[in-house]
Ligand code: IPE
Ligand code: IPE
Ligand code: MG
């Protein structure tokens, strides 16, 4: 088990990404509806954001809803969308007070209009001078969707002669992704016990350290987060080179 004091003076990741999984199973264990787990999951977001602020982590990216998640039962999707919009509105003031910049990646056009508006407002209001941390929520996001979109944009720019085919570089491709304003994640955490990426940041995670925990997202607290950072600090990152 790790505490804040143990990790504070060591290498802190600049960017932590999290696949917040296990809400449904958490609720099922308690004999409740899946939506109860989604609701409880909001407090874990709060814990992790507070812990990130304490550690001076500059980028926190949370996978909240995937493109594939639209295929879940209509009622569950409706409840998640309402919960997201409500929570963002509820915590907007707190985000501003803590100098948190809200950022969204994904296809906002898929969202019901009231959720979309609530989110757009929160982005506008937190994007002036907030620079403690960038909190990115992946909403109606999938990596294959993002990469496909970026290929379309690149092709379009080639056709319009804005860029030359021969001049395309890795950095340039990165600039066409939704995450072009973010550094690559240093650490990926997935809660809920599954050991897979589920279409999240496939390009960006190329050299991220991966941390999987059985803890379901609604149970994930500051201590669990510090444990993940502690594990990260023990890893030797080589990026294909020799140390
Ligand atoms: C993650 O928890 C939240 C979303 C994908 C919206 P799940 O809802 O996937 O919970 P499990 O994995 O079924 O337990
Ligand atoms: C990944 O979880 C998506 C989010 C956490 C938003 P899923 O529950 O959708 O992933 P699978 O279906 O287990 O791969
Ligand atoms: Mg799941």
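Of the strands (runs of 3 or more DSSP E) lying entirely inside the range 129-243, those containing at least 2 residues that are within 14 Å of ligand 2 (Cβ to nearest atom) are 133-141, 187-190. Annotation: residue 191 fulfils all but one of (1) touching a helix residue (DSSP H, G or I) at 6+ places or on another chain (Cβ under 6 Å); (2) more than 16 Å from ligand 3 (Cβ to nearest atom); the unmet one is (2).
Residue-wise test of (1) under 14 Å from the mean Cα position of the chain (by Cα); (2) without any contact (Cβ under 8 Å) to a residue 40 or more places away in the chain.
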| residue | (1), (2) |
| --- | --- |
| 98 | no, no |
| 124 | no, yes |
| 129 | no, yes |
| 140 | yes, no |
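Here's the yes/no breakdown for (1) within 16 Å of the chain's Cα centre (by Cα); (2) at pLDDT 95 or above; (3) within 16 Å of ligand 3 (Cβ to nearest atom):
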site	(1), (2), (3)
22	yes, yes, yes
28	no, yes, yes
31	no, yes, no
49	yes, yes, no
70	no, yes, yes
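Do the conditions hold for residue 182, that is, is it at pLDDT 95 or above, in contact with a helix residue (DSSP H, G or I) (Cβ under 9 Å, 6 or more places away or on another chain) and closer than 17 Å to residue 60 by Cα? No: the conditions fail for residue 182. Looking at 58, 67, 32, just one residue is more than 18 Å from residue 140 (Cβ to Cβ) and either within 14 Å of ligand 1 (Cβ to nearest atom) or free of Cβ contacts under 8 Å to residues at least 60 places away in the same chain (or both), and that residue is 32. Just a yes or no: is a residue in the range 167-180 within 24 Å of residue 231 (Cα to Cα) and touching a strand residue (DSSP E or B) at 6+ places or on another chain (Cβ under 7 Å)? Within the range 167-180 (the criterion being within 24 Å of residue 231 (Cα to Cα) and touching a strand residue (DSSP E or B) at 6+ places or on another chain (Cβ under 7 Å)), the answer is no, since none of the residues qualifies.
The values are calculated or read from the model by the stated rules, or taken from the named source; none is laboratory data. Computed from a prediction, not measured in an experiment: that's the story for all the values here. Virtual Cβ from ideal backbone geometry, glycine too; neighbours counted across all protein chains shown.
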